[in-house]
Amino acid sequence: MALLATLACGRPVHAQTPGPPSAQDATPQDDHAQDDAQTLETLHVTAQRPPTEQEQFRSHLQRNWRPPRSAEQFGLDGGVPAWLGQQLIRGATATARSLPGWKREVQPAIARAPPLDDEQMDRSQELSSPGAQPR
């Protein structure tokens, strides 16, 4: 605001009146750019802020947390005998997997030799060329 007042007071009176500008009153292009400037409307950003680490942790807990079974539900599911059976099966499976000779269900890929040797590959290329005659 103070800058505008300084600019307005610094100009001669005849430069403020409308009329054809003279060579002495000509102002640089920068002053015309200020006169032609438009004021834009206020912009309100309403996007959501990204969640903080604490909010992410809380939402993860809320999605994945299950309350423990009650004693009544534990009994209805078979009680101690059923629980011991599951524990025995898990222990036996872990022991079997640690035995020598046990193969995992998913085997890693093993590179193998090409199915044809060099002579067979050359012969195959000769037969597949466009000018080759079948034997």
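The values are calculated or read from the model by the stated rules, or taken from the named source; none is laboratory data. All figures in this text were calculated on a predicted structure; none of them were measured in a lab. All Cβ positions, glycine included, derive from the backbone under ideal geometry; neighbour counts span all protein chains shown.
Collect the residues in segment 57-83 that are on the phi < 0 side of the Ramachandran plot and part of a loop (DSSP other than H, G, I, E, B), keeping them in residue-number order. Answer for segment 57-83, where residues must be on the phi < 0 side of the Ramachandran plot and part of a loop (DSSP other than H, G, I, E, B): W65, R66, P67, P68, R69, S70, D77. Would you tally the residues in segment 53-79 being among the hydrophobic types (A, V, I, L, M, F, W, C), loosely packed, with under 10 Cβ neighbours inside 10 Å and under 29 Å from the mean Cα position of the chain (by Cα)? Final tally of qualifying residues: 2.
Is there a residue in segment 120-131 that is loosely packed, with under 10 Cβ neighbours inside 10 Å, of a type outside the set (S, T, Y) and modelled with pLDDT of 90 or more? Checking segment 120-131: not a single residue is loosely packed, with under 10 Cβ neighbours inside 10 Å, of a type outside the set (S, T, Y) and modelled with pLDDT of 90 or more.
How many residues are loosely packed, with under 10 Cβ neighbours inside 10 Å and assigned to a helix (DSSP H, G or I) if we restrict to segment 96-108?
Initial filter on segment 96-108 (loosely packed, with under 10 Cβ neighbours inside 10 Å): 96, 98-108.
Add one more test, that the residue is assigned to a helix (DSSP H, G or I), and what stays is 96, 98.
Within segment 96-108, residues that are loosely packed, with under 10 Cβ neighbours inside 10 Å and assigned to a helix (DSSP H, G or I) number 2.
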